[in-house]
Amino acid sequence: MFIDKYPQFTAGRVLKGEMLSLLRDYPRDYLNILYGEYADGVIAGCGLTVTGDTVAIAPGIVRCRERLYTLRQSMALPYTATGQDAIIKISFNRRKENDDYILRSGEVAIHSGLKINDGEMELGRFKLKKGARLRDIYQDFADMATEYDTVNIINVPYAVPYENTLSPLITRRFAQEALRSRPVHPFDYVFISHCAQGEPVSRSLITAYTAARLGIVTQDSTNQDMHRHLVRILQDIRQGKDMVTATGRGGGRRILVD
């Protein structure tokens with residue numbers, strides 16, 4: 001049966017273990033039910049900000065292997081210019097247990113290369129030339145994929161039900177630039193309205209929109225593929241090309257295998 005049970009802490013009553021257990025379990029049960037069908041990825045927060053010679057990670061929540069992990073305070077990681085790929089990622093540790101606690105944790109660090117092992121999650125990447133400064137401000141939507149000297153968040157998995165998807169910062173930026181160009185097709189406005197809300201947009205919706213808008217069939221699109229397709233669509237919108245023009249290029253539908 002459905003219940004709503006909360007302990008009463010009143011003067012003269014004996015503090016029972018069950019009462020404390022209710023306080024312990026309720027928030028965990030609530031969050032586990034709320035995010036139980038979400039894929040692994042960032043639930044909220046965890047944005048990156050460049051300050052001097054450090055990259056600051058904002059407080060946030062991530063989900064990994066059906067567990068929620070919380071970063072309660074922002075943390076700063078020093079970075080160096082190597083001219084090589086570097087990745088900011090969480091490495092989740094094995095469970096530790098003692099008489100008082102069960103601890104599951106994830107260590108955040110900057111690693112060379114772009115390899116993601118099992119039990120790791122990306123929060124961003126960059127390739128910084130020696131003598132250059134790292135930046136987290138983008139000139140436009142396409143600039144978010146710039147290879148050098150730029151914080152790249154395209155590959156960060158954001159959690160939504162049943163799958164992960166692009167950062168809402170990316171889809172919201174797409175919406176902002178698309179609206180400035182006044183798209184001509186109602187189909188665009190429907191998708192853009194989802195993006196403009198600032199919430200993660202499901203991968204299935206993004207891929208369905210890009211396939212219909214570009215007249216292509218995509219298979220297993222990566223985050224980079226989705227961003228690249230949205231860049232192409234934004235170019236079409238700026239040039240005033242509607243869906244009929246877009247799908248007519250090349251004489252019909254095309255299949256892109258990424």
Here P(r) for the range 41-156, Cα-Cα distances in 5 Å bins, as whole percents, is 2, 11, 21, 23, 19, 12, 7, 3, 2, 1, 0
Can you compute the label reach from ILE116? Point 7 Å from Cα along the Cβ direction, backbone N cut-off under 17 Å, restricted to the range 27-71.
38-48, 61-67, 69
Simple label model, 7 Å out from Cα along Cβ direction - TYR162 to LYS129, nm
4.5
Between THR150 and residues 5 or more places away or on another chain, which pairs have amide H atoms under 5 Å apart, with H built 1.01 Å from N, and which residues are they?
LYS127, ARG135
Would you mind checking which residues have amide H under 5 Å from VAL55's amide H? H placed 1.01 Å from N; only 5 or more apart, or other chain.
LEU77, TYR79
I want to verify a result. In a Gaussian network model of the chain, Cα cutoff 10 Å, which of these has the top mean-square fluctuation: MET75, MET226, MET144?
MET75
Let's test the formula: R0 of 45 Å, r as the Cβ-Cβ distance of ASP53 and TYR189. What FRET efficiency results, to the nearest 0.05?
0.55
Of the residues GLY106, LEU166, CYS64, the Cα lying farthest along the dipole of the chain towards its positive end, which is defined by charges on the beta carbon of Lys, Arg, Asp and Glu, belongs to LEU166
Per-residue ellipticity at 222 nm for the chain, helices alone: DSSP H runs ≥ 4 residues times -39500 (n - 2.57), over residue total, nearest 500 deg cm²/dmol?
-9500 deg cm²/dmol
Report the FRET efficiency, 1/(1 + (r/R0)^6), for GLN197 and ARG13, where r is their Cβ-Cβ distance and R0 is 41 Å, rounded to 0.05.
0.30
Expressed as an acute angle from 0 to 90° and rounded to the nearest 10, what is the orientation of the C-alpha long axis of helix 17-34 relative to the principal long axis of the chain?
10
Using the count of nearby Cβ atoms within 10 Å as a rough guide to exposure, how do TYR162, TYR138 rank from fewest to most?
TYR162, TYR138
Among LYS115, LYS130, LYS96: highest mean-square fluctuation, GNM of the chain, C-alpha pairs under 10 Å
LYS96
What FRET efficiency, computed as 1/(1 + (r/R0)^6) with R0 = 45 Å and r the Cβ-Cβ distance, is obtained for ASP140 and VAL217, rounded to the nearest 0.05?
0.95
Cα-based Kirkwood hydrodynamic radius, the chain, one decimal, Å
20.9
What's the angle, to the nearest 10 degrees (0 to 90), between helix 168-180's Cα axis and the longest principal axis of the chain?
40
The Rg/Rh figure for the range 162-238, Cα atoms and Kirkwood Rh, to two decimals is 0.92
At the level of C-alpha centres, the distance separating the range 173-247 and the range 62-126, in angstrom, is 31
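None of the figures in this text is laboratory data; all of them are computed from the coordinates on show. None of these values were measured; they are calculated from a predicted model. Using ideal geometry, Cβ is built from the backbone for each residue, glycine included, and neighbour counts are taken over all protein chains shown.
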